[in-house]
1. Out of curiosity, is residue 11 over 25 Å from residue 127 (Cβ atoms), modelled with pLDDT under 95 and either assigned to a loop (DSSP other than H, G, I, E, B) or in contact with a strand residue (DSSP E or B) (Cβ under 6 Å, 6 or more places away or on another chain) (or both)?
2. Inspect the stretch 85-98 for any residue being part of a loop (DSSP other than H, G, I, E, B), in contact with a helix residue (DSSP H, G or I) (Cβ under 9 Å, 6 or more places away or on another chain) and at positive phi and give the result as yes or no.
3. Looking at (1) in contact (Cβ under 8 Å) with a residue 24 or more places away in the chain; (2) assigned to a loop (DSSP other than H, G, I, E, B); (3) touching a strand residue (DSSP E or B) at 6+ places or on another chain (Cβ under 7 Å), find the lone condition where residue 115 falls short.
4. As an exercise: evaluate residue 110 against (1) surrounded by 17 or more Cβ atoms within 10 Å (Cβ to Cβ); (2) part of a loop (DSSP other than H, G, I, E, B) and give the number of the one condition it does not meet.
5. Would you pick out the residues in the stretch 123-140 that are surrounded by 18 or more Cβ atoms within 10 Å (Cβ to Cβ) and over 14 Å from the mean Cα position of the chain (by Cα)?
6. Only residues that are touching a residue at least 24 places away in the same chain (Cβ under 8 Å), surrounded by fewer than 16 Cβ atoms within 10 Å (Cβ to Cβ) and within 15 Å of residue 110 (Cα to Cα): list them for the stretch 48-60, please.
7. Give 39, 63 a once-over and let me know the one that is over 16 Å from residue 120 (Cα atoms), at pLDDT 95 or above and assigned to a helix (DSSP H, G or I).
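The values are calculated or read from the model by the stated rules, or taken from the named source; none is laboratory data. Computed from a prediction, not measured in an experiment: that's the story for all the values here. When we count neighbours, we look across all protein chains shown, and the Cβ atoms used for this are built from the backbone with ideal geometry, even at glycine.
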């Protein structure tokens, strides 16, 4: 009935310390690489936001036969517009709960009809919030995605 303590298996303190050291080494290699890419993550998020807005705009057009005007803006996806052409088949609750801000806390610019597309253009001005720019300050445009 007595159990021999040598039969009980577990981790020794040294084994646990080796695992902790290995995890620490891996974290010191991986974390800096992840932290050096927040700007790229913001660009990717802006592209995904624009794709989501395009899907909502597509549903708006499918229901109503037209895209919101520039004057109505992306807010027409949240609540029924009160200016311009009023949609007749607007769903209760709209198409979005709210219009997202771009990752740099700016607003997406919506133009309908668009300058680069017959239907609409959606633009984020990037990190600098100004038209144009290079690198992470470059504009993110719906027609480039």
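1. Numbers: over 25 Å from residue 127 (Cβ atoms): yes; modelled with pLDDT under 95: yes; either assigned to a loop (DSSP other than H, G, I, E, B) or in contact with a strand residue (DSSP E or B) (Cβ under 6 Å, 6 or more places away or on another chain) (or both): yes.
When the stated conditions are applied, residue 11 passes them.
2. Yes - at least one qualifying residue is present in the stretch 85-98.
3. Checking residue 115 against (1) in contact (Cβ under 8 Å) with a residue 24 or more places away in the chain; (2) assigned to a loop (DSSP other than H, G, I, E, B); (3) touching a strand residue (DSSP E or B) at 6+ places or on another chain (Cβ under 7 Å), the one that fails is (1).
4. Against the list (1) surrounded by 17 or more Cβ atoms within 10 Å (Cβ to Cβ); (2) part of a loop (DSSP other than H, G, I, E, B), residue 110 comes up short only on (2).
5. Here is the first cut: in the stretch 123-140, the residues surrounded by 18 or more Cβ atoms within 10 Å (Cβ to Cβ) are 123-127, 140.
Result: 125, 127.
6. Step one: of the stretch 48-60, the residues touching a residue at least 24 places away in the same chain (Cβ under 8 Å) are 49-54, 56-57, 59-60.
Imposing the further condition that a residue be surrounded by fewer than 16 Cβ atoms within 10 Å (Cβ to Cβ) reduces the set to 51-52, 54, 59.
Those that are touching a residue at least 24 places away in the same chain (Cβ under 8 Å), surrounded by fewer than 16 Cβ atoms within 10 Å (Cβ to Cβ) and within 15 Å of residue 110 (Cα to Cα): 51, 52, 54.
7. On the way: 39 fails: at pLDDT 95 or above.
Every option except 63 fails the conditions.
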